[in-house]
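Asks: Below you will find the structure I want to go over with you.
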Number of protein chains: 4
Amino acid sequence: MAPKKIVIDCDPGIDDALALALAHGSPALEIVGVTTVGGNVSLDRTTDNALRLREFLGFPEVPVTPGAAGAMLRGTIEAARVHGTGGLGGAVLPEATLPVAPGHASDYLIETLRADPGEITLVAIGPLTNIALAVLKEPRIVDWVREFAILGGTYTRGNRTPAAEFNIAADPEAAAIVFRAGWTVTQIGLDVSTTAQATGPVVERMRALGRLGADLLVPCATFYGMVTASDGPAIHDACALAYLADPTLIEFESAWVEVETAGRFTSGMTVVDFDLGDRVPNARVGTSIDVARFWELTLSAYERVNQGLGSGI
Amino acid sequence: MAPKKIVIDCDPGIDDALALALAHGSPALEIVGVTTVGGNVSLDRTTDNALRLREFLGFPEVPVTPGAAGAMLRGTIEAARVHGTGGLGGAVLPEATLPVAPGHASDYLIETLRADPGEITLVAIGPLTNIALAVLKEPRIVDWVREFAILGGTYTRGNRTPAAEFNIAADPEAAAIVFRAGWTVTQIGLDVSTTAQATGPVVERMRALGRLGADLLVPCATFYGMVTASDGPAIHDACALAYLADPTLIEFESAWVEVETAGRFTSGMTVVDFDLGDRVPNARVGTSIDVARFWELTLSAYERVNQGLGSGI
Amino acid sequence: MAPKKIVIDCDPGIDDALALALAHGSPALEIVGVTTVGGNVSLDRTTDNALRLREFLGFPEVPVTPGAAGAMLRGTIEAARVHGTGGLGGAVLPEATLPVAPGHASDYLIETLRADPGEITLVAIGPLTNIALAVLKEPRIVDWVREFAILGGTYTRGNRTPAAEFNIAADPEAAAIVFRAGWTVTQIGLDVSTTAQATGPVVERMRALGRLGADLLVPCATFYGMVTASDGPAIHDACALAYLADPTLIEFESAWVEVETAGRFTSGMTVVDFDLGDRVPNARVGTSIDVARFWELTLSAYERVNQGLGSGI
Amino acid sequence: MAPKKIVIDCDPGIDDALALALAHGSPALEIVGVTTVGGNVSLDRTTDNALRLREFLGFPEVPVTPGAAGAMLRGTIEAARVHGTGGLGGAVLPEATLPVAPGHASDYLIETLRADPGEITLVAIGPLTNIALAVLKEPRIVDWVREFAILGGTYTRGNRTPAAEFNIAADPEAAAIVFRAGWTVTQIGLDVSTTAQATGPVVERMRALGRLGADLLVPCATFYGMVTASDGPAIHDACALAYLADPTLIEFESAWVEVETAGRFTSGMTVVDFDLGDRVPNARVGTSIDVARFWELTLSAYERVNQGLGSGI
Ligand SMILES: [Ca+2]
Ligand SMILES: [Ca+2]
Ligand SMILES: [Ca+2]
Ligand SMILES: [Ca+2]
């Protein structure tokens, strides 16, 4: 079976880096494009990180197209405390030699989906600003996309605030636009991702993965682990990519999701109603993940990436 | 040790009825007053139910004082679907023969707390309208009360909406006033109460409790169970009274709680922040309950009530 | 014709002082009670000012009952910059010798209206907290009152914010409760009151009014004038009392008024819809005032007060 | 002096039609582009109307580029009741023979401003969706534009709601984005435009303008007049174009403008604060218009258009 063609909208970001590595190493996935958005750190940094990761991980032929620098309507919130000043925690990758692609991420998304209707899977693992701009400019992308998945939101507890997850809280209006666009969003949120922790044994297996382990995986996982003050950090964004590689990893339930944009204490919350009544669901919301199989898939992808380092994969 | 003196602000309501029975039967508690509020059903019904319960359960000397008929600022929401038209599900108790006490619940609360500072525990198991009115008129009650506990709110999922629990959603402004009043609210919410289900074996033990079982407990539990479409209904309000009878039943964590009043989809949500930073907590939030011991305490209290039926206790 | 019996809920406050003087001096009005609320300055100051004004102006038999210290739900906003630290600008009145009446303003309002249904006019010239508490505790006061008038709100521009007038902005939830209480509020707002300026000639006529002019009117008007940076300050609160003394002074239009409580930039705005459609109006909104006749009535009342100073009126 | 190059973003719409006629007939203005947005009627209708107007009025060489079909975040509100089903009231213009330009309005705006920095004036006389999309995708347009003017908002009373003007209320989030984009918006709102009424004598002068009068001006003005139930309709959008033709027509005051997006009753309100304090103004807000000179300029432009009808101008 041909690998699934995916476009990754991201804001690397530690867990974005680990998600890109997973995607590149998975035989089930083919990265056809990367777009960047301001989020965990500034757009300049997320784009530079995406360029460095592209060359370090070994997919130099894939275009990287930058998009929105910040939220549509609100001041930017960053997470440099969580991701380090550079955005990749303790990892320092070589400078990139290849440039970004011309144009704006939102146009890249529209053109790529238009060119290959029904074939491209879009996954967003940062704030949803680029996706919102694309859907506003070309509403038909919701029909052209094969599947649209996000890492974002929560139906229980947030991490940016008690109510809101970072990717949604970083641009609530964009998220509201995206959930109302007329497609069924595959929403993988904190409820799922926080259970997929990089425990001690997992980090040990990362450490065994040569240059990939030494230069990227371990510095990322340990910095993240230290900062979030848990001995087993959750690698949120990787969950969305793992799901695309193997959809059986995660259980879902259909729901109607609204994004709160007006609350005093709840802006950026995904209000997930599993009681659909007469409504056609606008989301499939992840409720659990098979953690053991997630790490097998992920570490196996990382091994494949490591083998390819220096020679292409 | 002398029993704890409690005033119960309630809106019976099936689970309020089961909570009143628990309170009356518990040797650790002494009901010194009951106040009523519109909520599960209209104030007329909740007051009439409180009067009937007082005589049926056997504490005719305790004053019942009615208060607010509805939310401070919003249209009233009712839950007659959940509690039956009369508010007590399938239970039909004899008409009351004794009248309500004169005056307004909020004044009763103020006067009772003022008269016995440090001695009275106040527990609210309905919308917080009466408590808000009391605290607005006499802010010093927060110093006079021994403890203030509520059944209400959630830090994960709501039941009235995906975000909000019924008692808070029924009057968000009142709840916001109450949480900002300067005391430490003992908040027992859905996170705790939904785990205390009246399973089949529990209902069987209720059925064995003579007239109390036949006329009140079983009709309440089974109606509630049917309507909420779960084979083991949660008896929310009873959890707050059980906690007062035995504070070791529930685990708590300190938090800062805000009540959302401005959201489009989140009004009435208790936004619970366990990450206090420099803030002095305004709530102790229940996180788990010892379900087995809860039912032992509760059923033992019910047995004591049943023994007293017809003869006083 | 017997004078109209009025109860004045106020937060003196410079313009409250000038309004009380007007009310006391008008043969068409009889002050039967004064209640105080925190607002322009703290409740302690507004109450102390009301007590001093009562004795200085000469109505010592009228009870002064304090009420709410601040807004129901929000932090208190004050206007000490506008009204001076003491609340009466440059005026320094003798200390009061008589105490406040016992009880809470909201109860005083309820009892007074209950005792004389259809006979008492209630006028509020401060934040609406006391009125909201009264109406929440005893909704029937809307039927018992003869008329309920306020100085507050605007249908064009605010003064506390571009959208909101001070009295409403100081407690938006209270105002929302009051406008939804089921009566027809006589709303006299900034649209009217800002046109009734104490111009130079008016202040000259105040100066001619002996001790009243020297000790109260002129110090108030000139302090206010300086601070609000207009050479002719508007004496807002006095407009509501002048209207009660002579209802022909002000033109009105029926409207449906909502109070915004959720906006980011508009909280405390009175949203006045003159296009009623099928709605029964909840307000008569003042649209213009006969300024010349307003000052004739007001100055003539002041003259009567001055004549009575030291000897009763 | 060379005429001012302008791009008009519009939603024709009766007053848009009269504004386009004014712009085309004014020797001070040169229309270089027209973009369309959904608003008064659907995007299909506004675009079709723009195409018909282009040929009827005689500027076939100017590109017409369609943009957003509706508000970014909210359901579309239309004003077909006000503008007629077709959007031009009683006017029926010949079908257009020339097509729209390719691409999206927001890209047209970006490219046009980028190509000629400092030379192009942008005027928006419909909902601000296209402008918001342009500014989000290319924030530098705020530096490239010569001036950005809108017909929209109010600092006193709205027309869509008591608080909000139609163009802003139709897409509050877009307007909020536009006002925060970092430029100084020339805001001409209802406060100005409602005073520029097409009175009886004005309509008579329109009637004298041959085919333009008979086929466009009079049917528009009279339909509008009937529907808005005033004998002299305000031709809102034309005011913004008249201002560009002769900036001395309108008086302005600097202000800080926020757009309310969260209110229950105030969404889409432009909250205009003339009291800037330390803030650099984000808007110059029109406060009055010289109505007589406005009509002279406008009717003179219309005369010029009429002379050109059938032969180009
Ligand atoms: Ca990310
Ligand atoms: Ca209850
Ligand atoms: Ca006042
Ligand atoms: Ca228009």
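Asks: Where in the range C:129-233 are there helices (runs of 4 or more DSSP H), lying fully within it, with 3 or more residues that are open to solvent by 20 Å² or more (accessible area, probe 1.4 Å)?
Replies: Output list reads C:141-144, C:200-207, C:218-227.
Asks: In this structure, is residue D:35 away from ligand 3 (no atom under 16 Å from the Cβ) and open to solvent by less than 10 Å² (accessible area, probe 1.4 Å)? Reasoning before the result, please.
Replies: On the way: away from ligand 3 (no atom under 16 Å from the Cβ): yes; open to solvent by less than 10 Å² (accessible area, probe 1.4 Å): yes.
Judged against the criteria, residue D:35 is a match.
Asks: From the list A:120, A:168, pick out the single residue that is within 14 Å of chain B (Cβ to nearest Cβ) and within 19 Å of residue A:35 (Cα to Cα).
Replies: Answer to the selection: A:168.
Asks: What are the residue pairs meeting all of these: first residue in the range A:55-82, first residue under 21 Å from residue A:236 (Cβ atoms) and open to solvent by less than 30 Å² (accessible area, probe 1.4 Å), second residue of a type in the set (Phe, Trp, Tyr) and not in a loop (DSSP other than H, G, I, E, B), Cβ atoms under 7 Å, and 6 or more apart or on different chains?
Replies: Listed by first residue and then by second, the contacts come to A:79/A:166.
Asks: Among (1) closer than 21 Å to residue C:167 by Cα; (2) at pLDDT 95 or above, where does residue C:80 come up short?
Replies: (2)
Asks: Since residue D:107 meets every condition but one in (1) farther than 17 Å from residue D:219 by Cα; (2) modelled with pLDDT under 95, which condition does it not meet?
Replies: (2)
Asks: Any residue in the range A:286-304 that is surrounded by 23 or more Cβ atoms within 10 Å (Cβ to Cβ) sitting within a Cβ distance under 8 Å of a residue that is of a type in the set (Ser, Thr, Tyr)? List the pairs, counting only those 6 or more apart or interchain.
Replies: Here the result reads A:286/A:186; A:286/A:243; A:301/A:26, each pair linking the range A:286-304 to a residue that is of a type in the set (Ser, Thr, Tyr).
Asks: Assess whether residue D:123 counts as being open to solvent by 40 Å² or more (accessible area, probe 1.4 Å) and outside any helix (DSSP H, G or I).
Replies: It is false that residue D:123 is open to solvent by 40 Å² or more (accessible area, probe 1.4 Å) and outside any helix (DSSP H, G or I).
Asks: Inside the range A:270-285, can you point out the residues that are within 14 Å of chain B (Cβ to nearest Cβ) and open to solvent by 30 Å² or more (accessible area, probe 1.4 Å)?
Replies: Once the filter is applied, which keeps residues that are within 14 Å of chain B (Cβ to nearest Cβ) and open to solvent by 30 Å² or more (accessible area, probe 1.4 Å), the range A:270-285 yields A:273, A:274, A:275, A:276, A:277, A:279, A:281.
Asks: Filter the range B:288-305 for residues that are of a type outside the set (Gly, Ala, Ser) and assigned to a helix (DSSP H, G or I) and give the result.
Replies: In the first step, residues of the range B:288-305 are kept if they are of a type outside the set (Gly, Ala, Ser); the result is B:289-291, B:293-299, B:302-305.
Of everything in the range B:288-305, those that are of a type outside the set (Gly, Ala, Ser) and assigned to a helix (DSSP H, G or I) turn out to be B:291, B:293, B:294, B:295, B:296, B:297, B:298, B:299, B:302, B:303, B:304, B:305.
Asks: Next question, about the same structure. Open to solvent by 10 Å² or more (accessible area, probe 1.4 Å), more than 16 Å from ligand 4 (Cβ to nearest atom) and away from chain C (no Cβ under 14 Å), is that true of residue D:249?
Replies: no
Asks: Could you list, ordered by first residue, the pairs with Cβ atoms under 7 Å in which the first is in the range C:150-164 and within 10 Å of another protein chain (Cβ to nearest Cβ) and the second is part of a strand (DSSP E or B) and charged (D, E, K, R), at least 6 apart or interchain?
Replies: Every condition considered, the pairs that remain are C:162/D:273.
Asks: Another question, then. Considering only the range A:101-130, state which residues are farther than 13 Å from residue A:69 by Cα, in contact with a helix residue (DSSP H, G or I) (Cβ under 6 Å, 6 or more places away or on another chain) and among the aliphatic types (A, V, I, L, M).
Replies: A:109, A:110, A:113, A:120, A:123, A:124, A:125
Asks: Could you please let me know if residue B:291 is away from chain A (no Cβ under 14 Å), within 29 Å of residue C:173 (Cα to Cα) and aliphatic (A, V, I, L, M)?
Replies: No.
Asks: Among the helices (runs of 4 or more DSSP H) lying completely within the range D:13-116, list those that include at least 3 residues that are basic (Lys, Arg) and farther than 26 Å from residue A:111 by Cα.
Replies: Helices (runs of 4 or more DSSP H) meeting the threshold: D:43-57.
Asks: In this structure, is residue C:267 in contact with a helix residue (DSSP H, G or I) (Cβ under 7 Å, 6 or more places away or on another chain), farther than 30 Å from residue C:209 by Cα, open to solvent by 10 Å² or more (accessible area, probe 1.4 Å) and modelled with pLDDT of 95 or more?
Replies: So residue C:267 passes the test.
The values are calculated or read from the model by the stated rules, or taken from the named source; none is laboratory data. The shown structure was predicted, so the numbers you read here are calculated from the model rather than taken from an experiment. Note that we place each Cβ from the backbone using ideal geometry, even for glycine, and neighbour counts take in every protein chain shown. Surface accessibility is based on the protein's heavy atoms, side chains included, excluding ligands, DNA and RNA. Shrake-Rupley method; radii C 1.70, N 1.55, O 1.52, S 1.80 Å.
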